[in-house]
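Chemist: The structure's right below; bear with me while I get my questions together.
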Amino acid sequence: MKRLAAARLQITRITLAGLALLSVGAPTVSAQGDGFLLGVPRVTMTFMAGYVQPRAASGGDAQSLWDLTREELTVDTRDLGGTSLGGQLGIRVSERFDLTVAFSYNHSETRSEFRDWVDQDDLPIEQTTRFVTAPVTVGFKAYLLDRGRSFGRYAFVPRTWNPYLGLAGGLVYYRFQQRGDFVDFETLDIFNDNFLSQARAPTVHFLGGIDVAVNQRLLLVGEGRYTLGTAPLDSDFVGFPDLDLAGFQFNLGLSLRY
C-alpha cells in the first residue's frame, strides 16, 4: 500500500509539473500558431490564380505595336489585363530563405473595332487581340520573420503569418495574336487576316507577399509580382521595336508544406 501511495504521489507531482510547464509555455505557442509539426517543413507547394496587367509601354520615338493597337483600335491598356494561373515549388535552405521554381500561364483576350473607320455598310470593323505569356523562373524568397520555433528535437510550432520579398529570373514565352478584319491604309480595302508573333525571351521578377496559416500544413498566400522583359516580333509585324512584356500580377493561392 505504501508503494502504491508513493507511486500515486509521484504521478501527481509529474502531472502538476507538466501542467505548470504548459501554462508557462502556452503564450509562446499561441504567438507562433495553433498546434505543432513533427519536424521543420522543408518543401512548400503552392497553386495560385489571379490577375495580370501588362504595362504595354510606348515605343518612345519609334511607334510600338502597343501604340498602334491603342491608337487605331478601341483598346486601352487596362483592356489587356487577364487571368493568371500558376504554381511554385519552394525548398527551404535556411530559417529565412527558400529557393523557388515557379511557372504561370497568363492570358487576355480583347474584342475591339477600328476607332475611325467603318465598312461600306457603316458597320464596325472588328477584331480580337489575344496576348499570352508563360514565364518559368528560378529565384528565392526572403521571409522577414522567423517561420516558427522548435521545441525539443521533433516539435516545431509554425508562425501564423509571415511576409516575404523575393527575386526571380528565367525565360518567358509569349504569343501575340490579332485576328479579324483590318483596313489597308494604302488602298482603303478591308481584309480579313490573322497576325501572329511568338518567341521566348529572358525575364526578371520582383515579388512580395504574405503567408497566412490555415492550419499546420495549409497556408493562404497573397503575392504581387512586377515582371520585366522584351522580345522580338515575327515577320507579321515588321518595322516595330521589341515588344514590351513587362507588367504587374496579383495572385491568391494555397500552399501545402511538408
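Chemist: Only one of these is over 28 Å from Leu207 (Cα atoms) and of a type in the set (Val, Ile, Thr): Thr128, Thr77. Name it.
Modeler: It is Thr128.
Chemist: Go through segment 45-97 and report how many residues are aliphatic (A, V, I, L, M), buried (at least 16 other Cβ atoms within 10 Å of the Cβ) and within 21 Å of Ser197 (Cα to Cα).
Modeler: Selection size over segment 45-97: 7.
Chemist: Here's a follow-up. Considering each residue of segment 180-239, count those that are without any contact (Cβ under 8 Å) to a residue 12 or more places away in the chain and in a strand (DSSP E or B), and give that number.
Modeler: Residues that pass the stated criteria total 1.
Chemist: Sticking with this one: Tell me which residues, restricted to segment 240-258, are part of a strand (DSSP E or B) and either touching a Pro at 6+ places or on another chain (Cβ under 8 Å) or not aromatic (Phe, Trp, Tyr) (or both).
Modeler: Leu243, Asp244, Gly247, Gln249, Asn251, Leu252, Gly253, Leu254, Ser255, Leu256, Arg257
Chemist: Continuing with this model, one more query. For Gln249, only one of the following conditions fails: (1) within 30 Å of Gln120 (Cβ to Cβ); (2) surrounded by 17 or more Cβ atoms within 10 Å (Cβ to Cβ). What is its number?
Modeler: Here Gln249 meets the rest and fails (1).
Chemist: Would a scan of segment 142-165 turn up a residue that is among the small types (Gly, Ala, Ser), assigned to a strand (DSSP E or B) and under 17 Å from Asp98 (Cα atoms)?
Modeler: Pass one, segment 142-165, residues among the small types (Gly, Ala, Ser): 142, 148, 150, 152, 155.
Of the ones still in play, those that are also assigned to a strand (DSSP E or B) are 142, 148, 150, 155.
Narrowing the set further to residues that are under 17 Å from Asp98 (Cα atoms) leaves 142, 148.
Yes, there is a match, as at least one residue in segment 142-165 is among the small types (Gly, Ala, Ser), assigned to a strand (DSSP E or B) and under 17 Å from Asp98 (Cα atoms).
Chemist: Same structure, new question: Under the condition of being touching a helix residue (DSSP H, G or I) at 6+ places or on another chain (Cβ under 9 Å) and not aromatic (Phe, Trp, Tyr), which residue from segment 228-258 is nearest to Val214 (Cα to Cα)? Break it down stepwise before answering.
Modeler: Of the residues in segment 228-258, the ones touching a helix residue (DSSP H, G or I) at 6+ places or on another chain (Cβ under 9 Å) are 233, 237, 240-241, 243-244, 247.
From the residues that got through so far, the ones that are not aromatic (Phe, Trp, Tyr) too are 233, 241, 243-244, 247.
Working: Leu233: 45, Pro241: 47, Leu243: 41, Asp244: 38, Gly247: 30 Å.
So, considering only residues that are touching a helix residue (DSSP H, G or I) at 6+ places or on another chain (Cβ under 9 Å) and not aromatic (Phe, Trp, Tyr), the one nearest to Val214 (Cα to Cα) is Gly247.
Chemist: Within segment 113-149, can you find the residues that are buried (at least 20 other Cβ atoms within 10 Å of the Cβ) and within 19 Å of Arg55 (Cα to Cα)?
Modeler: Thr129, Phe131, Thr133, Pro135
Chemist: Take Thr110 and tell me if it is surrounded by fewer than 14 Cβ atoms within 10 Å (Cβ to Cβ), more than 13 Å from the chain's Cα centre (by Cα), in a strand (DSSP E or B) and at pLDDT 95 or above.
Modeler: No; evaluated as a whole, the condition is false for this residue.
The values are calculated or read from the model by the stated rules, or taken from the named source; none is laboratory data. Just so it is clear, the model here is predicted, and its values are computed rather than measured. Positions of Cβ are backbone-derived with ideal geometry, glycine not excepted, and every protein chain shown enters the neighbour counts.
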